[in-house]
Amino acid sequence: MEAEAAVRLILFDIDGTLVKAGGAGRKALDRACLNLYGNSGVRELSSLAGRTDSYNFKMAHWRSTGRRPEARDVRRLQDKYLELLPRYVKASVRLGTYEVPTGLRRLLRRLRRDRSVLLGLGTGNIEPAARLKLSPTGLNGYFQVGGFGSDAEHRHTLLKKARRRAERLLGKSIASNDVFVVGDTPFDVRAGRRAGFRTVAVATGYAAMDELKRSKPDHLAHDFRRTSQWLQWFGIRN
């Protein structure tokens, strides 16, 4: 009897990797703080990229109010953020600042055709925000599973959650060596490595090529255009 083929789980970050949403998330969080507190400390946060929404909401509350948030404070800020986010995503699309990286759609179409591949999300966004940001692309249906900022504050933990969900969906285990984390920041690389997974860094977002190289991913790309190279990294025949 022929051995069952191993499944490769490929987890994509969203902001800067799958899309650049014209700063919609930061703008929505800034406005949410202004609406709730009459003041916003979001502009004092150097970068939200690569971190989880759970962390960013806590920091935004602290910077805006001067006090550490309780769980109910975070929930209130999260609800206001989700109320406002669609407005800013639509504005980015309308203004032409919403971008999908070159070559990404072709790569995803090719990966989805392969029966040994399961595509997922590994993102610091809480799940509703993740789906909202992806909505204009029409790509949400490509990603059956995921780990989200609503699952954990630390990225390596949410990546492990994504694998557990994939294993439940498939009804079998997935080896750590068959899980790939694709992201645009050193945070993605470090989280993937800490989770025990393989890492691919792509310079489509918020970190320069040299910075990504210093984070020592297993593979490094300028963009998604060389489909054959990406397939080779994932161990898939062209």
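Tabulated data
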quantity	calculated
Failed condition for TYR98, given (1) surrounded by 19 or more Cβ atoms within 10 Å (Cβ to Cβ); (2) closer than 26 Å to ALA195 by Cα	(2)
Complete set of residues in region 27-65 that are under 29 Å from PRO101 (Cβ atoms), modelled with pLDDT under 90 and basic (Lys, Arg)	ARG43, ARG51
Qualifying positions in region 101-130 - among the hydroxyl-bearing types (Ser, Thr, Tyr) and either over 17 Å from PHE180 (Cβ atoms) or out of contact with any helix residue (DSSP H, G or I) (no Cβ under 7 Å at 6 or more places or on another chain) (or both)	THR102, SER116
Wholly enclosed helices (runs of 4 or more DSSP H) of region 152-226 bearing at least 2 residues surrounded by 17 or more Cβ atoms within 10 Å (Cβ to Cβ) and in contact (Cβ under 8 Å) with a residue 12 or more places away in the chain	155-170, 186-195
Residues (among the hydrophobic types (A, V, I, L, M, F, W, C) and more than 14 Å from ALA203 (Cβ to Cβ)) located in region 215-229	none
Single unsatisfied condition, LEU121 versus (1) under 17 Å from the mean Cα position of the chain (by Cα); (2) part of a helix (DSSP H, G or I); (3) among the aliphatic types (A, V, I, L, M)	(2)
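The values are calculated or read from the model by the stated rules, or taken from the named source; none is laboratory data. Treat the numbers as computed from the prediction; the structure is a model and nothing was measured. Neighbour counts run over all protein chains shown; Cβ positions are idealised from the backbone, glycine included.
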